[in-house]
Amino acid sequence: MECIFCKIINEEIPSYTIYEDDKVKAFLDIEPDVNGHTLIIPKKHYTDISDLDNETLTHIFDVARYLKSLMETKLQIDGLTLVQNNGDVQEVKHFHLHLKPHYQEEQVLLPVEDVYEKLKES
Ligand code: 5GP
Ligand code: ZN
């Protein structure tokens, strides 16, 4: 299996994971557009929206809701855009939902590790 996101699930490739359960994993994008740019993926390999089941889709959105709240508390985000690419505009062919925070104030793009530390601090 050459899927990069399956390798992240199997921990063959490391990731800055901010949420995980038996069905999904959420981790920081390696090339963030903005501080806190996160991907939520199902642990089972689905290619895109066409083969993802509704139960998993709903769960992914429940996790998105939880992470929105976490980012409001830890990163002081002012808005959040959800994006999900399919077909030619999808680079990694394992279903993923992008969470892209919005900030009223212009932000310096921080190292992913620093954003991870902010999200993890209690
Ligand atoms: P797509 O265009 O498929 O919706 O976006 C794929 C996303 O996955 C991109 O934003 C890209 O930066 C991210 N990505 C690709 N490879 C890796 C990786 O190995 N680790 C992490 N954390 N993100 C990745
Ligand atoms: Zn996969």
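The numbers here are math on the coordinates, done by the rules we state, and not lab data. From a predicted model like this one, the values you see are computed outputs, not experimental measurements. Here the Cβ is made from the backbone with ideal geometry for all residues, glycine too, and neighbour counts use every protein chain on show.
What pairs can you find where one residue is in segment 86-105 and under 21 Å from D53 (Cβ atoms), the other is aromatic (F, W, Y), and their Cβ atoms are less than 7 Å apart, with a gap of 6+ or different chains?
Taking only residues 6 or more apart or on different chains, the pairs are V92/F5; H94/F5; F95/Y46; H96/F5.
Just give me the residues in segment 1-20 being touching a residue at least 24 places away in the same chain (Cβ under 8 Å), more than 10 Å from ligand 1 (Cβ to nearest atom) and of a type outside the set (V, I, T), in sequence order.
The answer is M1, C3, C6, Y19.
Suppose we filter I60, I30, I77, I41 for residues that are out of contact with any strand residue (DSSP E or B) (no Cβ under 8 Å at 6 or more places or on another chain) and touching a residue at least 12 places away in the same chain (Cβ under 8 Å); which single one remains?
Going through I60, I30, I77, I41 in turn, the sole match is I30.
Hey, among the residues in segment 29-66 that are more than 10 Å from L97 (Cβ to Cβ) and within 11 Å of the chain's Cα centre (by Cα), which one's farthest from ligand 1 (Cβ to nearest atom)?
If we take residues in segment 29-66 being more than 10 Å from L97 (Cβ to Cβ) and within 11 Å of the chain's Cα centre (by Cα), then G36 is farthest from ligand 1 (Cβ to nearest atom).
Can you tell me which of (1) within 14 Å of ligand 1 (Cβ to nearest atom); (2) at positive phi is the one Q76 doesn't meet?
So Q76 meets the others, but not (1).
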